[in-house]
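Below is one structure; the comments refer to it alone.
The values are calculated or read from the model by the stated rules, or taken from the named source; none is laboratory data. For clarity, every value in this text was computed on a predicted model and none was experimentally measured. Heads up, the Cβs are rebuilt from the backbone with ideal geometry, glycines too, and the neighbour counts pull from every protein chain shown.
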Amino acid sequence: MTLIELASLFEARKVSVIEATGLDKDALHIYFGLALFLLVRLIWRWRGGWLVAWLAVLAMACGGEWLDMTVEASDAAIQPDAAHWHDIWNTMFWPTILLLVGRWLHPPRGDAPGALDPVASGEDAERGLEQP
């Protein structure tokens, strides 16, 4: 499959999703950006997961715009650069906000609610509940 065929297939799938959902193209960028960010963040739960998720969305946004420009070049209907930057901005806005505030979304490790007291664990942990 050539690059032009791949880009045309991408464009056809994007148009079919727009028609099936009734969403505007801008809303589609926002939803796909958020969905990918949350999916990667749920999969990558270790240190650096926020950044990995943000980079995945950036790669998707830039790759999608690159495919859009390839289709436009093959059809001789190139859009202005501002339109492509607008799409990247729409895709990246909320993942960027989540990246910036993500460190405050988790409680500190030692102060997590429901954390077990290390002193009260072991053989004598439940003796305080027994009736004399």
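Structure notes:
- Test: residue in the range 69-84 that is in a helix (DSSP H, G or I) and closer than 24 Å to Leu98 by Cβ: yes
- Number of the exception - Ala7 against (1) small (Gly, Ala, Ser); (2) modelled with pLDDT under 80; (3) out of contact with any Leu (no Cβ under 8 Å at 6 or more places or on another chain): (3)
- Within the range 14-35, residues that are in contact (Cβ under 8 Å) with a residue 40 or more places away in the chain and among the hydrophobic types (A, V, I, L, M, F, W, C) have Cβ atoms under 6 Å from residues that are part of a helix (DSSP H, G or I) and surrounded by 14 or more Cβ atoms within 10 Å (Cβ to Cβ) in these pairs: Ile30/Asn90; Leu34/Trp94, counting only partners at least 6 apart in sequence or on another chain.
- Condition check for Val40: surrounded by 15 or more Cβ atoms within 10 Å (Cβ to Cβ), of a type outside the set (Asp, Glu), within 30 Å of Leu105 (Cβ to Cβ) and touching a Gly at 6+ places or on another chain (Cβ under 6 Å): no
- Among the residues of the range 73-80, not a single one is at pLDDT 75 or above, in contact with a Phe, Trp or Tyr (Cβ under 9 Å, 6 or more places away or on another chain), surrounded by 10 or more Cβ atoms within 10 Å (Cβ to Cβ) and not basic (Lys, Arg).
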